[in-house]
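Colleague: This is the structure I have questions about; it appears just below.
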Amino acid sequence: MADSTAFAEFATSRHGALYRYAYLLAGDGGLAEDLVQEALVTTYVRWHRLRDPNNAEAYTRRVITTTAIGWWRRKSWRAERPNDDVPDRPADSAAADDATARVWLWHELQQLPPRQRAAVVLRYYEDLTEPQTAEILDCSVGTVKSQVSDALKKLRARLGADVVLKAGMSE
């Protein structure tokens with residue numbers, strides 16, 4: 001009973017952060033919810049085996065990451081995804097330019113390979129350290145560094161260095 005209560009408290013308190021991470025990986029709200037649900041089910045099943053429940057969030061993020069990468073490897077994942085976020089009215093030009101730049105950067109981020117995208121999201125959107133990112137991705141710190149470096153090179157080549165720097169992503 002104590003395990004169930006502890007898990008429920010964990011799931012309730014960290015759902016928002018887990019959803020945000022999953023959304024940044026998947027780029028779709030429905031898929032992000034599915035990823036979080038899958039990860040929480042897996043975490044619940046293994047809850048009694050966690051050596052330290054304080055590491056539950058890192059474990060759950062790792063499950064989200066591996067599940068997402070597995071989905072991306074399936075051919076059906078590459079199918080087009082609908083977007084129903086149509087604005088009701090035009091925005092002012094400064095806000096529209098900023099929104100256009102964010103959408104453009106978001107689109108380019110979605111073009112990165114899954115592990116590179118996960119590394120960039122964890123490092124720059126979730127603001128995790130390299131060791132924390134390595135733990136979630138279940139790899140070495142050197143692998144995190146190379147994945148982020150390769151991703152930033154690709155983004156710079158497609159978008160230009162000034163756009164990548166303006167977005168706050170630099171090595």
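The values are calculated or read from the model by the stated rules, or taken from the named source; none is laboratory data. What you are looking at is a predicted structure, and each value in this text was computed from that prediction instead of being measured. Here Cβ is always computed from backbone atoms with ideal geometry, including for glycine, and neighbour counts include all displayed protein chains. The accessibility values were calculated without ligands, DNA or RNA, using every heavy atom of the protein model including side chains. Shrake-Rupley method; radii C 1.70, N 1.55, O 1.52, S 1.80 Å.
Yes/no matrix, rows are residues, columns are (1) over 17 Å from residue 57 (Cβ atoms); (2) open to solvent by less than 80 Å² (accessible area, probe 1.4 Å); (3) modelled with pLDDT under 80; (4) acidic (Asp, Glu):
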residue	(1), (2), (3), (4)
134	no, yes, no, no
141	yes, yes, no, no
144	yes, yes, no, no
155	yes, yes, no, no
158	yes, no, no, no
171	yes, no, yes, yes
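Colleague: If we keep just the residues of region 35-50 that are open to solvent by 70 Å² or more (accessible area, probe 1.4 Å) and without any contact (Cβ under 8 Å) to a residue 24 or more places away in the chain, which is nearest to residue 71 (Cα to Cα)? Even if it seems obvious, please write down each step before you answer.
Modeller: Residues of region 35-50 that are open to solvent by 70 Å² or more (accessible area, probe 1.4 Å), as a first pass: 37-38, 41, 44-46, 48-49.
Remaining after also requiring without any contact (Cβ under 8 Å) to a residue 24 or more places away in the chain: 37, 41, 45-46, 49.
Working: 37: 14, 41: 17, 45: 21, 46: 21, 49: 26 Å.
The selected residue is 37.
Colleague: Whether any residue in region 91-109 is modelled with pLDDT of 85 or more, part of a helix (DSSP H, G or I) and among the acidic types (Asp, Glu) is what I want to check.
Modeller: The answer is no; no qualifying residue exists.
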